[in-house]
Amino acid sequence: MSDSTLSPSGAAGEFALPVIPQKRNLVTELPGPRSRELAARRDAAVASGVSSLMPVFAARAGGGIVVDVDGNHLIDLGSGIAVTTVGHAVPAVVAGVQQQVAEFSHTCFTITPYEGYVAVCEALNRLTPGDFEKRSALFNSGAEAVENAVKIARRATGRDAVVVFDHAYHGRTNLTMAMTAKNMPYKDGFGPFAGEVFRAPMSYPLRDPLGTDGTAAAARAISDIESQVGANRVACLVIEPIQGEGGFIEPAPGFVPALAAWCAANDVLFVADEVQSGFARTGHFFAVEHEGVVPDLVITAKGIAGGMPLSAVTGRAPIMDAAHAGGIGGTYTGNPVSCAAALAAIETIEYEGLVDAGGRLGERLRAFLLGLQQRFPQIAEVRGRGAMQAIELCEPGTLTPDAALAARVARYCHRNGVITLTCGTFGNVIRLLPPVTIGEELLDDALAVLAEAFSAETA
Ligand code: PLZ
């Protein structure tokens with residue numbers, strides 16, 4: 001490729017890394033001709049239930065840039081849904097993956113185990129909140145980890161019921177569809193769903209009569225759980241400390257701690273789904289740390305392995321060890337190449353100070369979004385933490401969701417080379433999830449496009 005060079009260390013025998021210029025650059029209209037060709041093949045070959053947000057096909061990526069098959073350089077404000085938090089193709093992750101794949105790519109940990117799996121578990125036990133003995137188990141996807149957290153919680157408590165929240169997203173498998181709130185597109189026609197899943201009211205300050213009173217919102221949820229399920233039947237309460245797909249909903253202060261305290265008092269396991277909010281995304285390693293909450297179990301995925309598929313459940317040793325030998329596993333769970341990627345990603349986060357970088361990035365994003373809100377009354381709220389920020393769009397002066405505007409703004413960004421994601425139960429939230437390593441100039445350029453999108457689409 002004409003615009004890529006080898007890194008200075010790219011001599012023979014070393015890991016030659018493509019250095020992708022950190023600059024937006026469009027050389028064709030989007031989608032370009034090559035992407036359009038691939039889209040036609042895709043339509044003929046790929047099941048239509050699998051949709052894609054953007055019509056451009058990726059060829060390469062580096063840092064905060066995705067290069068498409070026509071040579072367009074796009075700025076990535078989505079990180080593949082909060083996965084490439086450390087950046088695309090960071091040298092340590094690339095090197096770790098290359099080395100491991102050459103050594104061995106699979107043996108099955110439940111047949112002949114290997115060190116990388118153990119090392120990832122050690123790292124998770126060290127990094128997750130709580131100063132007690134922990135154990136971890138590794139899986140492939142976020143949904144698979146959620147499923148296993150529930151299995152472990154049921155086995156450890158001898159209880160069946162699972163409590164989740166309005167607007168929650170926990171995955172697309174049968175149990176996690178039951179745990180996910182939103183019908184379209186996740187559940188419609190895909191039932192019947194797993195039983196013993198109960199939904200409690202969430203704290204959603206913008207739309208909740210209880211507003212920013214997190215303690216009152218927790219009391220409301222607890223009262224529903226106690227009257228409709230019964231505390232003694234609940235194995236676990238599963239919550240995203242900041243909801244992801246549901247709209248980056250940040251519960252009112254006090255909500256999560258009050259639920260955790262209720263769980264502790266009732267022998268209910270408090271399970272934090274940190275799949276989207278974890279791994280240096282929010283200015284802490286894990287979002288529960290903002291309020292000093294220590295979960296019994298923490299579910300991680302996405303950012304854990306810099307783009308390779310890996311997920312985990314980590315928690316108190318006696319709970320994690322409750323499942324009988326052979327009760328937890330899977331052919332590919334804790335794949336060695338994914339483990340190598342995770343160890344490199346974790347090392348990168350720690351050595352490069354990326355937890356703090358996420359916090360600083362959040363301040364920049366927030367300042368920009370609050371400024372944008374001054375100019376555009378369609379922005380009902382700016383919310384989020386660290387590099388997980390969002391704006392909720394409504395008809396000015398009301399709480400009537402404006403999903404059409406969110407879609408138009410996102411499409412404007414896409415046409416202009418900025419990958420921007422939407423989310424929310426009402427589809428009216430624009431979320432920003434850049435790699436925490438994104439450069440200032442690149443970010444400013446992307447945000448300028450977002451501002452232009454608002455000017456153009458609200459005119
Ligand atoms: N828990 C909190 O955010 C995945 C879904 C993308 P998997 N979110 C992105 C889509 O449309 O499928 C997610 C999450 C939280 C669990 C999951 C599930 O993680 O790795 O997608 O299974």
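The values are calculated or read from the model by the stated rules, or taken from the named source; none is laboratory data. Fair warning: this is a prediction, and the values are worked out from it, not measured in the lab. Neighbour counts run over all protein chains shown; Cβ positions are idealised from the backbone, glycine included. Accessible surface is based on the protein model in full, side chains and every heavy atom, while ligands, DNA and RNA are left aside. Shrake-Rupley method; radii C 1.70, N 1.55, O 1.52, S 1.80 Å.
Let me check I have the definition right: for segment 307-459, take the eigenvalues of the Cα gyration tensor, multiply each by 5, take square roots. What are those semi-axes in whole Å, largest first?
Semi-axes from the Cα gyration tensor: 37, 19, 15 Å.
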Practice item. Please work out whether the chain counts as rounded, prolate or oblate from its C-alpha gyration tensor, where a ≥ b ≥ c are the square roots of the eigenvalues and a/c under 1.5 means rounded, while otherwise a/b larger than b/c means prolate and anything else oblate? Key: oblate
Point to revise | Carbon/sulfur fraction of accessible area - the chain, other protein chains in place, 1.4 Å, % | key: 54
Study note, to complete from the structure: Note to self, the chain gives a 222 nm [θ] from helices alone (DSSP H runs n ≥ 4, -39500 (n - 2.57) apiece, / all residues, nearest 500) of -11500 deg cm²/dmol
Revision key, fill the gap. In whole Hz, the Karplus estimates of ³J(HN,Hα) for segment 373-390 (6.51, -1.76, 1.60; θ = phi - 60°; x where Gly or Pro) are 4, 4, 8, 10, x, 5, 7, 6, 7, 10, 8, x, 9, x, 8, 9, 10, 8
Check your understanding: ALA44 versus ARG360, label points 7 Å from Cα toward the beta carbon: distance in nm?
Key -> 5.1
Point to revise | Under-28-angstrom lysine pairs by C-alpha in the chain, whenever the two are 8 or more apart or on separate chains | key: 8
Point to revise | Mean Cβ neighbour count within 10 Å, used as a protection proxy, ranking 305-315, 358-368 highest first | key: 305-315, 358-368
**Study point:** Within-13-Å neighbourhood charge of ALA446 [Cβ basis; K, R +1; D, E -1]
**Key:** -3
Practice item. Note down the nm distance, to one decimal, between modelled labels 7 Å out along Cα→Cβ at ARG233 and at LEU53. Key: 3.9
Study note, to complete from the structure: Between PHE190 and SER223, Cβ-based FRET efficiency (R0 25 Å, step 0.05) works out to 0.20
Study note, to complete from the structure: Stretched fully, the stretch from ARG126 through GLU395 gains (0.36 nm per residue minus C-alpha distance, one decimal, in nm) 92.2 nm
Review point. So how much slack lies between ASN266 and ARG375, counting 0.36 nm per residue of separation and subtracting their Cα-Cα distance, in nm?
Key: 34.5 nm
Practice item. Please calculate how many Å² of accessible area the chain carries per residue, with a 1.4 Å probe and no DNA, RNA or ligand atoms counted. Key: 41
Revision key, fill the gap. Rounded to the nearest Å, the spacing of the alpha-carbon centers of segment 59-121 and segment 337-406 is 23
Practice item. State, as an integer percentage, the relative contact order of the chain based on alpha-carbon contacts under 8 Å between residues 6 or more apart. Key: 20
Check your understanding: Once you sort the root eigenvalues of the Cα gyration tensor of segment 210-349 as a ≥ b ≥ c, which label holds: rounded (a/c under 1.5), prolate (a/b larger than b/c) or oblate (the other case)?
Key -> oblate
Point to revise | segment 36-87: C-alpha gyration tensor shape, a/c 1.5 cut-off, then a/b vs b/c | key: oblate
Revision key, fill the gap. Once the dipole of the chain is set up from charges on Cβ (+1 Lys and Arg, -1 Asp and Glu), the residue from the list LEU393, ALA287, GLY191 lying farthest towards its positive end is GLY191
Review point. Considering the dipole of segment 32-119 built from charges on the beta carbon (Lys and Arg +1, Asp and Glu -1) around the Cα centre, which of ALA58, LEU38, HIS73 is farthest to its positive end?
Key: LEU38
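From Cα pairs below 8 angstrom and at least 6 apart in sequence, can you work out the relative contact order of segment 94-351, rounded to a whole percent?
30
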Revision key, fill the gap. tail above 24 Å in the computed P(r) of segment 94-351, as % of all Cα-Cα pairs, reads 45
Point to revise | Neighbourhood net charge (12 Å Cβ-Cβ; Lys/Arg +1, Asp/Glu -1) for PRO401 | key: -3
